[in-house]
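Here is the structure we will look at, set down as structure tokens.
The values are calculated or read from the model by the stated rules, or taken from the named source; none is laboratory data. This is a predicted model, so every value here is computed, not measured. We place every Cβ from the backbone using ideal geometry, glycine too, and count neighbours over all the protein chains shown. Remember, those area values only see protein heavy atoms, side chains included, never the ligands or the DNA or RNA. Shrake-Rupley method; radii C 1.70, N 1.55, O 1.52, S 1.80 Å.
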Amino acid sequence: MFDWNEIISRGSKLSKKLEDIKGKSLVVTMEIPWKKFKEFSTLEPTEIMFAGEMELSYINNVVENIGEFDWVIGIGGGVACDLAKFISWKNNIPLILVPSVVSVDAPFTASIAVRENNVVKYIGSVIPQEIIIDYYLISQAPPELNRAGVADILSIHTALWDWKCSSVRTGERYDEKIAEEARKCLSEIESNAEDIYEVTDKGIDTIVDMYCKEVDLCSEFGNARPEEGSEHIVAYCAEFLTGKQFLHGNIVAFGIFCMSRLQENSPEWITDLMSRTGLNFSASDLSNDEIRNILLNLKKFKDEANLFYSVVDERTIDDNFVSDILRRLNRFEK
Ligand SMILES: [Zn+2]
């Protein structure tokens with residue numbers, strides 16, 4: 001199995017070492033992380049590119065007009081890391097990633113998230129020369145962004161239920177050893193919940209290590225089944241029906257909250273764990289009507305998008321279920 005220790009280095013203000021980099025460097029970043037980074041680093045790259053638009057036709061055009069570089073360095077969150085990965089992959093330039101937040105697993109996955117006609121699509125494959133986990137830089141991001149990172153690990157809880165259910169109902173391939181290893185990620189989060197809440201070095205390490213483990217498990221199995229279940233269907237459906245863009249972790253957390261109840265799969269335990277890590281599962285960006293619309297149309301959305309088998313196929317979501325969810329989120333109905 002791939003040895004993460006060979007490419008991940010960790011330390012406070014460790015990214016200062018980039019000041020010594022030789023050759024022509026292209027930094028791909030965003031305004032806020034770049035500003036935070038420059039508060040302690042004197043790095044003067046050959047060129048700086050600010051990431052934003054990830055539409056494939058647009059970024060294809062960007063890479064075609066790029067000069068010669070010895071290094072591409074991504075400093076920032078998911079979008080900056082994905083654009084840096086894309087440039088590295090397309091133009092075959094060695095890559096260094098410096099995540100400024102642990103809100104998404106983008107720095108640790110080989111595939112690259114881009115958009116085609118505004119729908120997320122995963123393409124390519126790239127492994128960085130180095131991933132610098134700079135505790136100081138990451139701790140400068142808003143804590144709720146870092147806490148949101150835990151959602152794509154806690155999603156294992158609902159994903160494993162769906163996976164098992166599908167194996168029984170549809171005969172889908174299931175691997176108990178991988179499921180067991182994935183379950184260990186949940187206990188690891190449970191043991192370090194307070195550090196994740198406080199965004200300590202240990203909390204950051206826990207999220208980073210669990211992302212790496214999850215990436216290994218998913219690649220060993222061949223797809224994201226061990227960590228992606230009906231909670232992600234809720235997230236995709238919310239994006240599709242409202243046209244809004246959410247902080248991925250928070251909308252997945254809302255999905256975990258709802259689907260663990262539909263599954264009758266220790267909802268109190270997982271909700272308590274989400275609270276302890278400070279993960280916001282309350283869908284504060286959604287109105288009561290939007291929540292109702294999303295949940296009542298989940299099965300239809302899933303069928304039309306042709307997504308995997310899950311509790312959504314197994315149990316019916318009715319008005320009572322929605323009212324119960326709203327009540328538990330302390331939302332009052334007219
Ligand atoms: Zn996710």
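Numbers at a glance
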item: Selection status of residue 32, open to solvent by 70 Å² or more (accessible area, probe 1.4 Å) and out of contact with any Pro (no Cβ under 6 Å at 6 or more places or on another chain); result: yes
item: Filter result for the condition that a residue is basic (Lys, Arg), open to solvent by 10 Å² or more (accessible area, probe 1.4 Å) and within 16 Å of the ligand (Cβ to nearest atom), over 213, 177; result: 213
item: Among the candidates 126, 104, 79, residue that is within 28 Å of residue 19 (Cβ to Cβ), in contact with a Cys (Cβ under 9 Å, 6 or more places away or on another chain) and open to solvent by 10 Å² or more (accessible area, probe 1.4 Å); result: 104
item: Selected residue (criterion: nearest to residue 302 (Cα to Cα)) from residues of the stretch 147-167 that are away from the ligand (no atom under 11 Å from the Cβ) and among the polar types (S, T, N, Q); result: 166
item: Residue list for the stretch 239-257, restricted to those being closer than 14 Å to residue 280 by Cβ and either open to solvent by 10 Å² or more (accessible area, probe 1.4 Å) or more than 10 Å from the ligand (Cβ to nearest atom) (or both); result: 246, 247, 248, 250, 253, 254, 256, 257
item: Neighbours by Cβ (under 9 Å, 6+ apart or cross-chain): first from the stretch 5-31, assigned by TED's automatic domain parsing to the domain that holds residue 98 and part of a helix (DSSP H, G or I); second modelled with pLDDT of 95 or more and open to solvent by 80 Å² or more (accessible area, probe 1.4 Å); result: 16/42; 19/42; 19/44; 31/50
item: Odd one out for residue 277, checked against (1) open to solvent by 10 Å² or more (accessible area, probe 1.4 Å); (2) within 16 Å of the ligand (Cβ to nearest atom); result: (1)
item: Residue match in the stretch 66-73 (condition: in contact with a helix residue (DSSP H, G or I) (Cβ under 7 Å, 6 or more places away or on another chain) and under 25 Å from residue 11 (Cα atoms)); result: yes
item: Identity of the residue in the stretch 87-99, in contact (Cβ under 8 Å) with a residue 40 or more places away in the chain and within 20 Å of the chain's Cα centre (by Cα), that ends up farthest from residue 60 (Cα to Cα); result: 98
item: Those residues of the stretch 88-106 which are within 16 Å of the ligand (Cβ to nearest atom), part of a loop (DSSP other than H, G, I, E, B) and touching a Pro at 6+ places or on another chain (Cβ under 8 Å), in sequence order; result: 101
item: Near pairs, Cβ below 9 angstrom, 6+ apart or cross-chain, from the stretch 282-300 (of a type in the set (Asp, Glu)) to any residue that is assigned to a helix (DSSP H, G or I); result: 285/238; 285/242; 285/250; 285/251; 290/238; 290/241; 290/242
item: Qualifying residue in the stretch 40-56 (condition: in a helix (DSSP H, G or I) and open to solvent by 30 Å² or more (accessible area, probe 1.4 Å)); result: no
item: Answer from 236, 197 - the residue that is open to solvent by 30 Å² or more (accessible area, probe 1.4 Å), in contact with a helix residue (DSSP H, G or I) (Cβ under 8 Å, 6 or more places away or on another chain), in a helix (DSSP H, G or I) and within 16 Å of the ligand (Cβ to nearest atom); result: 236
item: Close pairs from the stretch 207-236: first in the same structural domain as residue 283 (by TED's automatic domain parsing) and without any contact (Cβ under 8 Å) to a residue 24 or more places away in the chain, partner within 11 Å of the ligand (Cβ to nearest atom) and open to solvent by less than 10 Å² (accessible area, probe 1.4 Å), Cβ under 8 Å, at least 6 apart; result: 235/251; 235/252; 235/255
item: Residues (among the β-branched types (Val, Ile, Thr) and either open to solvent by 10 Å² or more (accessible area, probe 1.4 Å) or outside the structural domain of residue 186 (by TED's automatic domain parsing) (or both)) located in the stretch 258-274; result: 271
item: Residues within the stretch 216-233 that are among the small types (Gly, Ala, Ser), within 12 Å of the ligand (Cβ to nearest atom) and open to solvent by less than 10 Å² (accessible area, probe 1.4 Å), tallied; result: 1
